[in-house]
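First the structure, in the form of structure tokens, and then the observations on it.
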Amino acid sequence: MTALGFLYPGHSAEDDYPRIEQLLGSDIRLDLVHTDIGEDAHRVVDALRETGSAERLAAGMEGLRLAGVETVVWACTSGSFVHGWQGAQEQVRTLARLAGMPASSTSFAFVHAAREIGVRRVAVGATYPEDVTTLFVEFLRAGGLEVTGARSSGVVTAAEVGTWQEEDVLTLARAADVSGAEAVLLPDTALHTAAHLQLLEKVLSKPVLTANQVSVWEGLRLADRRVNAPALGTLFTRHPLVQA
């Protein structure tokens, strides 16, 4: 049994995780602990930084230690990339020290996943306000990716994003897709996407990477596991290209 741990801020799309667990197989367990988000405000960068503070992450780690997980992922994209590349690295190092195990975050998972499927040019479809989306684009570029275009939806709370349905997700992905992009990235862990991955890739005719999908893949990568699960998209159907 491989047990993966996730620190997830608040309550929005956490039901993606049991859905993904079911698709992965019986020898993988996904344990999720909710962290306090403070102010639910995508529009306020300082609030997003506080969401991923060492104190909040430490408070969530005790439950994961008791669960006996092998790796931990901070399953919050905006709560990591708002610190910039160097700041997000320090956040992960702090989390690894707190956890006493390999650690990462959803922001780094996107960069590692893009490398895994062999794409460099990506388009971004974000639920965030434009200024927050810009910070994600800068993070991806610092990770060596070329962002061919970015679409912002301007949603200011994770709670609202959590109510989006399949057609909302498809609309965002279509709007983000631009000529020359090899893949489309949807970076909000508050967005339900686990049930829509095959449809998204069919409609766009290219790989789609989503926040909860890449978070789970990153946990598996840290545990040195690779799983073939076609329902979870291209990321889970290719042989690994790199060990990031």
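Since every read-out is calculated from the coordinates, none of them should be taken as a lab result. Remember, it's a predicted structure, so these values are computed and weren't measured experimentally. Cβ atoms come from the backbone with ideal geometry, glycine included; neighbour counts cover every protein chain shown.
See the values below:
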item	result
5 angstrom amide H check on residue 35, placed H, neighbours 5+ away	8, 10
Candidates per chymotrypsin sites (Phe, Trp or Tyr not before Pro) in the stretch 93-141, loop by DSSP, up to 12 other Cβ within 10 Å	none
Residues whose placed amide H lies under 5 Å from that of residue 121, excluding near-sequence neighbours	146, 182
Unit charges on C-beta of K, R, D, E only; dipole of the chain, Debye	860
Other-chain or far-sequence residues with amide H under 5 Å of residue 3's (modelled H)	29, 70
Value of D in µm² per second that Stokes-Einstein yields for the chain, Kirkwood Rh from Cα pairs, at 4 °C (1.567 mPa s)	75
Whole-Hz couplings from phi, Karplus 6.51/-1.76/1.60, listed for the stretch 173-189; x for Gly and Pro	5, 5, 5, 7, 5, 9, 4, x, 6, 8, 7, 10, 10, 10, x, 10, 6
³J(HN,Hα), Karplus 6.51/-1.76/1.60, whole Hz, each residue of the stretch 3-20, x for Gly, Pro	10, 10, x, 9, 9, 10, x, x, 9, 9, 10, 5, 6, 4, 6, x, 5, 5
Under the Karplus curve 6.51 cos²θ - 1.76 cosθ + 1.60, θ = phi - 60°, whole-Hz ³J(HN,Hα) for the stretch 97-114, x wherever Gly or Pro sits	5, 4, 7, x, 7, x, 9, 7, 9, 4, 4, 5, 4, 4, 5, 5, 5, 4
Charge sum, other residues only, whose C-beta stays under 10 Å from residue 225's C-beta, Lys/Arg counted +1 and Asp/Glu -1	-1
